[in-house]
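Working notes, beginning with the structure itself.
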Amino acid sequence: MARGVDFEALFVQTEYSIGKFLVQMVRDRQLAEDLLQDVFHDAFRGRKQLASVENPTAWLFGIARNHALKTLRRQRRLRRALEVLARRRSPDQGELERDIVVIRDLLERHLDADDRALVLLRYLHGFEAVELAAMTGRSPAAVRQRLSRARHALAVASEIDR
Amino acid sequence: MNASRESELVRSILAPLDRVEPVQRKSVRRRRVTSMLTLVVLLLAATAVSVAIGASWSPLSGIGAADHPARATDKMSPAVAAQLQSDEAPSGTHADSIGKRLIDRARLLGALPSGRQVYAVPSADGKLCIVVALLAESCSDALTRARPITFAIAQIGPGVPPAVWGATTDDVVSVSFSIGAESVTVPVRDNFFAWEGLPAQFQSRISPVTVTFADGSTEIAQ
């Protein structure tokens with residue numbers, strides 16, 4: 001058993017933001033829920049690493065990122081078909097939901113899954129390049145370069161879409 | 001456009017995504033703090049296994065001592081019923097992962113050494129809640145052979161003895177753990193175990209729990 005209080009405290013502190021990140025990445029809420037279970041299950045199994053980890057939150061997010069990317073690679077085609085179908089069935093989507101669909105489309109058209117995860121983790125979840133480097137196994141300089149390219153791609157795309 | 005402006009633009013593009021509702025873990029409400037006491041209750045759960053739900057299945061299935069028609073002793077006091085109702089999250093919200101407590105189907109399991117009664121209460125969403133009267137509640141998936149016990153710990157504070165308790169499947173005969181330097185084996189009676197330590201142990205660390213089955217086999221509950 002992990003040292004319950006510390007491990008449990010980490011889960012309690014991060015469940016909300018990781019649950020959000022997974023929904024931002026994979027769209028399908030049921031899938032995101034399954035991924036969240038998998039993330040915490042893997043984290044529990046790998047809990048001994050926590051003793052040597054500088055940033056436990058970034059460590060958990062790294063696990064979440066890996067699960068999301070693996071799933072997205074597997075399900076790319078099926079997901080597109082389901083989303084088109086869902087949009088057709090939901091003419092009464094709220095405004096927020098419509099905005100979210102548009103933004104996700106923009107992200108998916110112009111960024112690969114890896115860069116989408118980087119952008120979300122940097123600009124919505126506040127991780128710095130050093131932390132993202134630890135998550136992804138890249139150097140901080142490589143992360144900054146990828147972020148710069150992704151940022152520019154989105155900026156250009158958003159201008160075109162106006 | 002410089003990097004700073006691009007960053008601003010990206011943040012504004014992504015802003016609606018920051019308002020998505022997060023998903024939650026499906027199964028367990030792992031901690032409950034009562035409004036009356038400062039209480040830390042840790043629910044230790046084994047890895048859940050999917051259970052095929054048949055027409056006669058309920059969250060109390062596998063707990064033989066709870067599988068009987070209601071008796072007078074199973075009836076909760078209004079105060080305990082009110083305790084459970086106050087625990088329930090608003091129905092339909094994403095926080096409502098446990099469901100309505102089916103109070104009329106509660107079954108008395110036993111009592112803590114301090115005398116507080118402990119009930120097994122199924123929820124409308126198929127969860128198993130172990131309720132200590134006017135103290136605490138912990139809910140999880142129903143018990144299975146792969147997940148044979150619930151295990152809750154109360155370490156309230158200085159001067160108050162720590163307590164552990166839980167429900168088990170029919171084939172569990174004892175649970176063992178260490179608290180600080182002391183090794184403890186608690187026998188299971190009627191699918192229920194409860195133990196109380198010494199006040200001095202209120203901060204002692206509790207080890208992983210070993211479950212012993214009727215056939216002599218053991219396993220460490222995760």
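Values quoted throughout were computed directly from the atomic coordinates according to the rules given, and no laboratory measurement underlies them. As the structure is a prediction and not an experimental result, all values here were calculated from the model. Virtual Cβ from ideal backbone geometry, glycine too; neighbours counted across all protein chains shown.
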Average partner coverage of A:38-49, which counts Cβ from other chains inside 10 Å: 1
Inter-part distance where the stretch A:117-155 and the stretch A:1-74 are each reduced to a Cα centre, Å: 19
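List the pairs from B:LYS75/B:LYS127; A:LYS20/A:LYS70; A:LYS20/A:LYS48 whose alpha-carbon separation is above 23 Å, in the order I gave them. List each step's numbers first, then the result.
Numbers: B:LYS75/B:LYS127 19 Å; A:LYS20/A:LYS70 18 Å; A:LYS20/A:LYS48 26 Å.
Correct reply: A:LYS20/A:LYS48.
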Work through the residues other than A:ARG146 whose Cβ is under 13 Å from its Cβ and net out their charges, Lys, Arg +1 and Asp, Glu -1. +3
Report, as an integer, the average count of C-beta atoms from other chains found within 10 Å of each Cβ along B:197-210. 1
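Go through B:127-140, B:109-122 and give me the packing order, highest mean Cβ count within 10 Å leading. Walk me through the intermediate numbers first.
Numbers: B:127-140: 23.1, B:109-122: 18.9.
Ranking, from highest mean packing down: B:127-140, B:109-122.
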How well do other chains shield peptide B:133-144, expressed as the mean number of their Cβ atoms within 10 Å of each residue Cβ? 0
